[in-house]
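Below: the structure, in structure tokens.
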Amino acid sequence: MARTISYREAINEALAQEMERDGSVIVMGEDNAGGAGGSGAEDAWGGVLGVTKGLYHRFPGRVLDTPISESAFVGAAIGAATRGMRPVAELMFIDFMGVCFDQIFNQAAKFRYMFGGKAQTPVVIRTMYGAGLRAAAQHSQALYPIFTHIPGLKVAVPSSPYEAKGLLIQSIRDNDPVIFCEHKALYDATGDVPEDSYTIPFGEANVVRDGDDVTVVAIGRMVSVAEEAAKALSSSGIEVEIVDPRTTSPLDTETILESVENTGRLVVVDEASPRCNLATDISALVAREAFGSLRAPVEMVTAPHTPVPFSDALEDLYIPDAQRVANAVKSVAEWKR
Amino acid sequence: MGESGATVGIVANPASGRDIRRLVAKASVFPTAEKANMVQRLLSAFASVGVERALLSTDLGGISAAVLRALRQRRSGRDGPWPDVEFCAGDPITGGAGDTINAVRRMRAADADLIVCLGGDGTARVAATACGDVPLLPLSTGTNNAFPQLREATVAGLAGGLVAAGAVPPERGTSRASVLEVRTGGRTELALVDVCVSTERHVGSRALWQPASLTELYCAFAEPDGIGLSSVAGQLCPSPRTAPDGVALALAPPEQARWVVHAPIAPGLVVPVGVRDWRPLRPDRPIELGTRGGVLALDGERELELRGDQTASLRLRTDGPRCVDVRAVLAEAARLRLLCTGNPEGSVNDDGYLVHIGRT
Amino acid sequence: MTDTLSTSVAHELDENALLQAYRTMRTIRAFEERVHEEFATGEIPGFVHLYAGEEASATGVCAHLDERDAIASTHRGHGHCIAKGVDVKAMMAEIYGKKTGSCQGKGGSMHIADLSKGMLGANGIVGGGPPLICGTALAAKQQGTGGVGVAFFGDGASNQGTTLESLNLASVWNLPAIFVAENNGYAEATASTWSVAADNIADRAAGFGMPGVIVDGFDFFAVYEAAGEAIRRAREGGGPTLIEVKFTRYFGHFEGDQQTYRAQEVAEARENLDCLKRFRSRVTETGRLEEADLTAVDTQVSDLIDAAVDEAKAAPKPTEADLATDVYVSY
């Protein structure tokens, strides 16, 4: 039965259901139990934004508090995954990959190939990304393209509470290392989510909205930005088809290409900075695979090539918004040779 | 005081305080920086009693480097005096016991009047074999030693300096230690505290903490407040350092022995040790050890592995190193007022102040 | 009033165990010396770092381990692999980049692994292993297997944040983890007496609330005892230990290293300290093993290495069909 819950609650529910189902699932992260002085047990924070709140008591010994020591505990999650556990480690902000990236991209990502197919590393690294909370340059980046670049990693970027629950359960059950990117500005977003456990397979994009005029591929929180733009555009007669890839690795190229073959026009909306991101990647894909279908140049709506600024006046300019998306859609819809 | 132009040597073992007892017995960790600080406190004390030259051992563990750094950073007029410091850097450093022996030999060759050794029982034992008749001041770097004393280095340095400078004569300030001499095959080794026969087969990680493997124990002395194997005798049949006799014990598993002594055989380890029998150990009477292919531990460290057919003998000798008795030296210094001077003139009022300042 | 103590671990070594220890050390030595020779012919590709001289460490530690236990290794990993039971012929084939190798030719010398043996891989990243071992130890603790994790790392890695973070985490979580710092005196060509500010790596243990001990890395029995006590303590829930093993490597940092930074010490170590020589003389002098038994092992090992090299040379290389396989379990 579906009911309306938040993105945060959906993630929490996914963790709880998987921990209930599978004793090898453990959760670790900073401030999981912190926040109440001494033991922290009575008022466990459940992480800095409370995503794992309640699990500490419900699953004694399986929700581990960690020092602020990302290399060690992310590495520990990876090591434990090679020995029969299914750890879910919380890397508080995706920006902190800078202090533990070796364990992710030189260790977890490489094991299976480097060891000749004999390793399984079913680890999930949950991490929050994205701008909008005035958290400035070191707590706001959208770095999923960096993980997407690495063979051996899978990358999920859920756009809604429904997606978050289904993709997280799939991530935990998946036998490869998964980077699970939660947008921090979505935690309070609500949506219909089934109570029962369910999975959303990786590499299967979701067509969020049908339309024949322009394909908009949007990643993570940009899906709702695209939806807002699509609503406005519809009233002016442009019907947008929105594709949410759900996972950037693997990437459902087929659904994207099919949509572009129908519309002949593509706008990619990516909150990441503009070089070597999903927008450039998907643009190149379409230029190569669907060149004959294109009736206009591809447009990309991304953040500028700058660090994320602090001041609201600047950060609001930094994040792609519905107006910029609508402008891009209009420009490709109206493009004439 | 301090008329002699005395020379002292300081040997500091960088490796002491790192062995497996940290793992099996919560033994203390003694940082290198503190060993270097001890050397510097000794130097200050030596200078204050007229020692003019200090010879320091060198090591790769950071002690001599730290002292050298401190030496270079000394501010003239601000920091108190030190003797002239020379490093014994003539021998290659091996990281083994040979480094201590080489340093002590060089110090003797340079006419040292005193040799201070910083380390544990093992370091003192090695220094004692090489120091000959030169007075030895063994200082403990840690809490797990029976022979070297855990002493504040400044105080110990004052006592050692007074002996080195001849201000306190050796017959008042030093005492001969007894040693246990062990011979087996072609080797002769000395122990300062105890020799133990164990059924362990390998030297391994050297330390000894398994009472079940012990069969015989010989102590040059045994104090009730001692640490290590000699503490077994220290509680059952103590034998003071000053007595010429030692003590010999026959050990057995606790359930088969006449006595069971709960002894601190290592820091953090109070264990039952079974004693079948004990008797005084008389000087200069060789004893055959019943080894049967085990190992011999000297001062708590396994040192000699014996083949099944190999024999070993032991003898208590009373001609061990001349050790500085810090308490006796400073008591003598007090009696002679060696560290006290009076102002040369003027009378004193009832509160002890000079009535008029005589100096100009 | 009293602690109870079991008997010393070195005491447990019966004649079979002694012979096995010798076989392991001899296999490592013969493997490395042969790779050294073969590398010079130009037939072995890539970077190769040899473990010769350090055999007592891997052997003395791994002699206590079983299938419950996992180890992580370093770029100098052949010895750890052999000591943990990885197939020697598959290792040699891997070094030659062959399809029959431990990793089907996709890993090479720096990445030989066999997870079925609890060998989590040699590791090309200095300091890469300790965090992983926190994880294997955590898994053992969660699963209640009584297993331990052992992270081998070098003096270079002792300065890496990953290593120091792992020491801390292992104490915070009271993990059954053993950290074996193999201090061979040089991180590449840089002396540890310069690069390790703490004088002894073992001294760092105090700052992380665990015991730190130093053992003579040329002495199998010393390593065996210290590791045995640490591993027993870890299995019983006593928490992590840092063991610093001091010795010298016999070859350069990598094959081809001219070693201008050191001269005499290797020859002296080979002559006077060598772990195989010492082991051999001690077990024969104390009458525990016969010369003939040991010589027989030498011959068997030599034959094994000959066969490993011959088979590796003859084995097929992976093909284009292998290029894109095994990146993921599923994708």
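To keep it simple, each residue is scored yes or no on (1) touching a residue at least 60 places away in the same chain (Cβ under 8 Å); (2) assigned to a strand (DSSP E or B).
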| position | (1), (2) |
| --- | --- |
| B:Ala36 | no, no |
| B:Val39 | yes, no |
| B:Ser44 | yes, no |
| B:Ala54 | no, yes |
| B:Gly61 | no, no |
| B:Ala70 | no, no |
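Taking the criterion of being under 26 Å from B:Ala263 (Cα atoms) and charged (D, E, K, R), the residues of the range B:10-37 that qualify are B:Arg18, B:Asp19, B:Arg21, B:Arg22, B:Lys26. Scanning the range A:245-281 for residues being within 14 Å of chain C (Cβ to nearest Cβ) and crowded, with 24+ Cβ neighbours inside 10 Å gives a total of 3. Checked against (1) touching a Phe, Trp or Tyr at 6+ places or on another chain (Cβ under 9 Å); (2) more than 10 Å from chain A (Cβ to nearest Cβ); (3) among the β-branched types (Val, Ile, Thr), C:Val148 passes all but condition (1). So which residues in the range C:105-128 are more than 9 Å from every other protein chain (Cβ to nearest Cβ) and not hydrophobic (A, V, I, L, M, F, W, C)? Once the filter is applied, which keeps residues that are more than 9 Å from every other protein chain (Cβ to nearest Cβ) and not hydrophobic (A, V, I, L, M, F, W, C), the range C:105-128 yields C:Ser109, C:Lys117. For the range B:113-140, what are the residues that are polar (S, T, N, Q) and either more than 15 Å from B:Asp299 (Cβ to Cβ) or free of Cβ contacts under 8 Å to residues at least 40 places away in the same chain (or both)? Of everything in the range B:113-140, just one residue is polar (S, T, N, Q) and either more than 15 Å from B:Asp299 (Cβ to Cβ) or free of Cβ contacts under 8 Å to residues at least 40 places away in the same chain (or both), namely B:Ser140. Checked against the criterion of being among the small types (Gly, Ala, Ser) and not assigned by TED's automatic domain parsing to the domain that holds B:Gly228, the candidates B:Ala207, B:Ala127 yield just one match: B:Ala127.
Contact annotation: residue pairs with Cβ atoms under 8 Å, 6 or more positions apart or on different chains, pairing a residue in the range A:49-67 that is among the charged types (D, E, K, R) with a partner that is in a strand (DSSP E or B), are A:Arg62/A:Val25; A:Arg62/A:Ile26; A:Arg62/A:Val27; A:Asp65/A:Met28; A:Asp65/A:Gly29; A:Asp65/A:Glu30.
Meeting the requirement of 2 or more residues that are closer than 23 Å to B:Arg22 by Cα and not hydroxyl-bearing (Ser, Thr, Tyr), the strands (runs of 3 or more DSSP E) wholly within the range B:148-257 are B:194-198.
Counting only helices (runs of 4 or more DSSP H) that sit completely within the range C:212-331, those holding 1 or more residues that are over 30 Å from C:Thr163 (Cα atoms) correspond to C:264-268, C:275-285, C:291-314, C:320-323. Selection within the range C:129-145: residues that are touching a residue at least 24 places away in the same chain (Cβ under 8 Å) and of a type outside the set (A, V, I, L, M, F, W, C). The member of this set that is nearest to the other protein chains (Cβ to nearest Cβ) is C:Pro131. With a requirement of 3 or more residues that are of a type in the set (A, V, I, L, M, F, W, C), the strands (runs of 3 or more DSSP E) lying completely within the range A:57-158 that satisfy it span A:86-93, A:124-129.
The sole residue among A:Ile238, A:Ile242, A:Ile319 that is crowded, with 24+ Cβ neighbours inside 10 Å, in contact (Cβ under 8 Å) with a residue 12 or more places away in the chain and outside the structural domain of A:Gly152 (by TED's automatic domain parsing) is A:Ile242.
I'd like the residue in the range C:275-326 that is within 14 Å of another protein chain (Cβ to nearest Cβ) and hydrophobic (A, V, I, L, M, F, W, C) and, out of all such residues, is surrounded by the most Cβ atoms within 10 Å (Cβ to Cβ). Residue satisfying both the conditions and the ranking: C:Cys275. Report, by residue number, each residue of the range C:247-272 that is buried (at least 16 other Cβ atoms within 10 Å of the Cβ) and closer than 18 Å to C:His49 by Cα. C:Phe247, C:Thr248, C:Arg249, C:Tyr250, C:Phe251, C:Gly252, C:His253, C:Phe254, C:Glu255, C:Val266 - these are the residues of the range C:247-272 that are buried (at least 16 other Cβ atoms within 10 Å of the Cβ) and closer than 18 Å to C:His49 by Cα.
The residues of the range B:109-141 that are part of a helix (DSSP H, G or I) and in contact with a Cys (Cβ under 7 Å, 6 or more places away or on another chain), listed by number, are B:Thr123, B:Ala124, B:Ala127.
Filtering the range C:151-170 to residues that are among the small types (Gly, Ala, Ser) and either in contact with a His (Cβ under 7 Å, 6 or more places away or on another chain) or more than 10 Å from every other protein chain (Cβ to nearest Cβ) (or both) leaves C:Gly154, C:Gly156, C:Ala157, C:Ser158. The single condition from (1) surrounded by fewer than 17 Cβ atoms within 10 Å (Cβ to Cβ); (2) under 17 Å from B:Asn145 (Cα atoms) that B:Thr242 fails is (2). Considered as a group, the residues in the range A:92-109 that are more than 7 Å from chain C (Cβ to nearest Cβ) and touching a helix residue (DSSP H, G or I) at 6+ places or on another chain (Cβ under 6 Å) include one that is farthest from C:Ser73 (Cα to Cα), and that residue is A:Phe96. If the condition is being touching a Phe, Trp or Tyr at 6+ places or on another chain (Cβ under 9 Å) and either surrounded by fewer than 20 Cβ atoms within 10 Å (Cβ to Cβ) or not in a strand (DSSP E or B) (or both), then the range C:174-194 contributes C:Asn184, C:Gly185, C:Glu188, C:Ala189, C:Thr190, C:Ala191, C:Ser192.
Evaluation of B:Lys35 against the conditions (1) within 13 Å of chain C (Cβ to nearest Cβ); (2) out of contact with any helix residue (DSSP H, G or I) (no Cβ under 6 Å at 6 or more places or on another chain); (3) charged (D, E, K, R) shows that the sole unmet condition is (2).
Being hydrophobic (A, V, I, L, M, F, W, C) and assigned to a helix (DSSP H, G or I) is the filter here, so list the residues in the range B:1-34 that pass it. Result: B:Leu23, B:Val24, B:Ala33.
For the range B:304-325, the set of residues classified as closer than 30 Å to B:Val163 by Cβ and outside any loop (DSSP other than H, G, I, E, B) consists of B:Arg315, B:Leu316, B:Arg317, B:Arg322, B:Cys323, B:Val324, listed by residue number.
Checked against the criterion of being assigned by TED's automatic domain parsing to the domain that holds A:Arg126, surrounded by fewer than 22 Cβ atoms within 10 Å (Cβ to Cβ), under 18 Å from A:Gly130 (Cβ atoms) and touching a helix residue (DSSP H, G or I) at 6+ places or on another chain (Cβ under 9 Å), the range A:164-179 contains not a single residue that satisfies it. Elements of the type strands (runs of 3 or more DSSP E) sitting completely within the range A:177-260 and holding at least 1 residues that are among the polar types (S, T, N, Q): these cover A:190-194, A:206-209, A:214-218, A:247-249. Scanning the range C:284-306 for residues that are more than 30 Å from B:Gly294 (Cα to Cα) and touching a helix residue (DSSP H, G or I) at 6+ places or on another chain (Cβ under 7 Å) turns up C:Val301, C:Ser302, C:Leu304, C:Ile305. Considering only residues that are at pLDDT below 90 and either among the charged types (D, E, K, R) or in a helix (DSSP H, G or I) (or both), look in the range B:72-97 and name the one that is nearest to B:Thr174 (Cα to Cα). Checking each candidate, the answer is B:Ala97.
The values are calculated or read from the model by the stated rules, or taken from the named source; none is laboratory data. Just so we're clear, the structure is a prediction, and the values are computed from it rather than from any experiment. When we count neighbours, we look across all protein chains shown, and the Cβ atoms used for this are built from the backbone with ideal geometry, even at glycine.
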